[in-house]
Amino acid sequence: MKNSTDTIDQNLLSLIGGVIFLLLFLWGYSAIDSNWYEYRDDGVITMSVAKNWVEYGFWGVSPSGPIVEASSSPIQVFLYAITYALWDIKYSTYAYWQTLVSTFLLGAIFIRFFTQKIYFALIATTITAFALTKFFNFFLWHGSGMENALTHVLFLATAFILYKSIEDKKIIYSLAIVVFLATISRLDSVYHISFILVLFSIYWFVLYKNLQAFFFSIVVFLLWLSFQLWRYYYFGDLTPNPAYAQHISVIERVIKIFTLDREIIRQSLNLAREIFLVQAGWLLLFVPIILYYAKRSYALIFLLLLVLTITLTSYFNPFLFGPTRLDHNRSTTQMIVLVFLLTTMLFYSISSNKIKLILFLIFTPLTLWYYQHLGYAPKALCCNTKSFDKTRVKIDALAKKHDIHRATISNPDLGVLSWHKSFNIVDLGRLGSPIMAHIGGDHKLMKHYLLQYALPDIIELHDGYSCGYSFLLEDPHFLTLYAPVDTKVTKWTKRHCKDAPTSQTGLWIRKDIQKESLSNERKMLNDLQKKVNIERVVAELQKCHQETPNSCQYISRVIYHLLPEFVEHKIDHEVIELFKSTKASLYDWHLLTGRDNAQSYKPVVELLKKEAYYED
């Protein structure tokens, strides 16, 4: 049992370790163009979900709905929701402080592995922090505003908790909450953590002949299971929307691997090799030599096995999940922290300072040579929010010009456009729209959905997506529905869209929603924007069902613009009851109830498939 003096000393050491990491990381970032890594749009998507939860009461990206699990990082949703609710901070401010706090915590935890030798602790922490700033895949994603920084801290904290449990022969069950948080830093993090906990349980049992570690793992599992049950209750599904959007199916990939699908295996092996190089797996080649001279304790052997486990799960990550969106190595950046920890701990465990020095002088030149051979260099990460914010400003200006309150827009870049909550989104990138995620890739279905049902008020395309959505622009019905606004064929589209000569970039606005339009939809929107009231809805429904009973979906689209206002005036339930007495379509119900029912999209998807392929 440590006395209070030791505790104070260790706390001071943690403070010093945190400051070392923070100063060296800030120095490293100062040498890199911040536009290359700060505020990536996928991180802002996660913060948009959190902001939607705080402001409108449900997980989603659009103020009017639907519920959608558009993020793969629950822990970042929770953290940003708390900070936004308390301090109303912008995504850029949160991302900045997330990087600072996570960096400090990383150093504070790292140095606690070396409490017995203060000088070694300071030197090792400094060298490690400096080295990590040179592994740019880790370093830039750490500062990107995405969940990587949180994952780095939580995985290192998990390693520390389990290592200290072995070293002290004591398990603190309350710390299971930290390990649980590591399992939800990303939805796939449980894959890595579960293998570590199995190792911990077996290792503890072999050493101490009891089931305490097993019970600890059970506590973590029960916390994780409780969270998954909530997810299933709330979303009606355990697969997040991004997985559907990107066609990620672990079961299908496993089947293909076991049936020796050559393309999948070749792709996965190439990605695993890339992870080995980028996440410094090659440093482990020095481990057998250093281990020979190290004083091997049970805790050190456990740490070795833990790092080897996380290394193997990282290598097999692409086999199960395929290429990670944005960067093939982004979801395994936590591996490099643990690799550096292990090699440093092995040096720490060598009792002879002479041998330490000799091995250091041998391995350092080899490491630097190989590092130079790999050609590490910083490069811009996808995707910068600054250019997307310019797009948001253009769309916002067009919506204001035509007096469209909370316009429904369709655009490929979800994060910064949805964070401001000025629009409802039909996401061409598919991450934030469940219907788009489930029909994505089928051009006939998407065209049918976008031009017959969704009918976004404004559509925006830019270079990266102009080829992929040229099928929409080629449809004659599109030309009758939409008017172009500052559209053009760019040099990029000429070069990359040779199979789609009609590809253009720019904005399109739906003619029926333009300010000067005399459509019933525009008239109703004008009236409800002046005053939200149920009487106007009743009158429009009666009029429409008398004149054109099969063309009344514009009414629910107008209400959808102003659904948060209907909720605020506590008349949203009256609207729903009103639609129950009419011939409401499945899409009407999806628009009106999607913020309360995460499964409202499913009947619409089935209907779209039947309608779009009726002739077939």
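Only a single item in (1) more than 17 Å from PHE138 (Cα to Cα); (2) at pLDDT 90 or above; (3) small (Gly, Ala, Ser) is not met by SER387, and it is number (2).
Please go through segment 183-200 and pick out each residue that is over 15 Å from SER314 (Cα atoms) and under 24 Å from the mean Cα position of the chain (by Cα). Steps first, answer last, please.
Initial filter on segment 183-200 (over 15 Å from SER314 (Cα atoms)): 184-185, 197-200.
Result: ILE184, SER185.
Conditions tested, residue by residue: (1) modelled with pLDDT of 90 or more; (2) of a type in the set (A, V, I, L, M, F, W, C).
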residue	(1), (2)
ASN210	yes, no
HIS247	no, no
ASP261	no, no
GLN279	yes, no
VAL287	yes, yes
TYR298	yes, no
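Without any contact (Cβ under 8 Å) to a residue 60 or more places away in the chain and over 20 Å from ILE177 (Cα atoms), is that true of ALA131? When the stated conditions are applied, ALA131 does not pass them.
Evaluation of TYR91 against the conditions (1) under 21 Å from ALA182 (Cβ atoms); (2) in contact (Cβ under 8 Å) with a residue 60 or more places away in the chain shows that the sole unmet condition is (1).
Restricting the first member to segment 379-394 and to residues that are over 12 Å from LEU414 (Cβ atoms), and the second to residues that are in a loop (DSSP other than H, G, I, E, B) and small (Gly, Ala, Ser), the beta-carbon pairs closer than 9 Å and six or more apart or on different chains are LEU381/SER144. Evaluate segment 440-452: report whether one residue or more is touching a helix residue (DSSP H, G or I) at 6+ places or on another chain (Cβ under 6 Å), in contact (Cβ under 8 Å) with a residue 60 or more places away in the chain, farther than 19 Å from TYR244 by Cα and not basic (Lys, Arg). Yes, segment 440-452 contains at least one residue that is touching a helix residue (DSSP H, G or I) at 6+ places or on another chain (Cβ under 6 Å), in contact (Cβ under 8 Å) with a residue 60 or more places away in the chain, farther than 19 Å from TYR244 by Cα and not basic (Lys, Arg).
So for segment 504-511 (the condition being part of a helix (DSSP H, G or I) and either touching a residue at least 40 places away in the same chain (Cβ under 8 Å) or out of contact with any strand residue (DSSP E or B) (no Cβ under 9 Å at 6 or more places or on another chain) (or both)), does at least one residue qualify? No, segment 504-511 contains no residue that is part of a helix (DSSP H, G or I) and either touching a residue at least 40 places away in the same chain (Cβ under 8 Å) or out of contact with any strand residue (DSSP E or B) (no Cβ under 9 Å at 6 or more places or on another chain) (or both).
Report whether or not TRP204 is touching a residue at least 24 places away in the same chain (Cβ under 8 Å), in the same structural domain as MET345 (by TED's automatic domain parsing) and either among the basic types (Lys, Arg) or over 26 Å from LEU132 (Cβ atoms) (or both). Show your work before the answer.
Values: touching a residue at least 24 places away in the same chain (Cβ under 8 Å): yes; in the same structural domain as MET345 (by TED's automatic domain parsing): yes; either among the basic types (Lys, Arg) or over 26 Å from LEU132 (Cβ atoms) (or both): yes.
Against the criterion (touching a residue at least 24 places away in the same chain (Cβ under 8 Å), in the same structural domain as MET345 (by TED's automatic domain parsing) and either among the basic types (Lys, Arg) or over 26 Å from LEU132 (Cβ atoms) (or both)), TRP204 qualifies.
Restricting LEU308, LEU374 to residues that are farther than 30 Å from GLY145 by Cβ and within 32 Å of the chain's Cα centre (by Cα) narrows the list to LEU308.
To keep it simple, each residue is scored yes or no on (1) touching a Phe, Trp or Tyr at 6+ places or on another chain (Cβ under 6 Å); (2) free of Cβ contacts under 8 Å to residues at least 60 places away in the same chain; (3) outside the structural domain of SER189 (by TED's automatic domain parsing).
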position	(1), (2), (3)
ILE264	no, yes, no
GLN279	no, no, no
ALA299	yes, no, no
ARG325	no, no, no
LEU338	no, no, no
LEU357	no, yes, no
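Among the residues making up segment 320-358, those that are modelled with pLDDT under 90 and more than 25 Å from TRP141 (Cα to Cα) are SER351, SER352, ASN353, LYS356, LEU357.
In segment 231-244, the residues that are free of Cβ contacts under 8 Å to residues at least 24 places away in the same chain reach residues that are surrounded by 14 or more Cβ atoms within 10 Å (Cβ to Cβ) and in a helix (DSSP H, G or I) with C-beta atoms within less than 8 angstrom, at least six apart or across chains, in these pairs: LEU238/GLN228; LEU238/ARG231.
Yes/no per residue for (1) at pLDDT 90 or above; (2) in contact with a Lys or Arg (Cβ under 9 Å, 6 or more places away or on another chain):
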residue: VAL537; (1), (2): yes, no
residue: LEU563; (1), (2): yes, yes
residue: GLU568; (1), (2): yes, no
residue: HIS573; (1), (2): yes, no
residue: ASP596; (1), (2): yes, no
residue: TYR614; (1), (2): no, no
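The values are calculated or read from the model by the stated rules, or taken from the named source; none is laboratory data. These figures come from a predicted structure and were not determined experimentally. As a convention, Cβ positions derive from the backbone with ideal geometry for all residues, glycine included, and neighbour counts pool all protein chains shown.
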